[in-house]
Amino acid sequence: MRNITILLSLLLAYSLYGQNYNMQNGSISTCSGTFYDSGGSGGNYGNNESLVFTICPDTPGTWIQLDFFQWSTQD
């Protein structure tokens, strides 16, 4: 039981670590976070959007990794 409690605590702490970033024109330097469309986590993206959002690593010379958990496009 103690091991499960420790594991859950670590997973919760990890999920709370990053910031949320919504699609917009601009750039960020970050090491973690959650990326959403311009509508945020609960909204829809706008019509006819044409945005450029650059994500750079915090430390120059390192790389970033993007993991997509959900992806959908309109018909």
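Placing dummy labels 7 Å off each Cα toward the beta-carbon, the span from residue 56 to residue 24 is 1.8 nm. Full extension of the chain between residue 63 and residue 36 yields a length gain of 7.7 nm, computed as 0.36 nm times the residue separation minus the alpha carbon distance. A protection proxy built from the mean count of other Cβ atoms within 10 Å ranks the segments 47-58, 26-37, 62-73, most packed first, as 26-37, 47-58, 62-73. Amide H to amide H distances under 5 Å link residue 22 with 36, where only residues 5 or more positions off or on other chains count and H is placed in the peptide plane.
Every number here is computed from the coordinates shown, using simple stated rules; none is lab data. On a predicted model such as this, the values are computed, not experimentally measured, just so you know. All Cβ positions, even for glycine, are placed from backbone atoms using ideal geometry, and neighbour counts span all protein chains on display.
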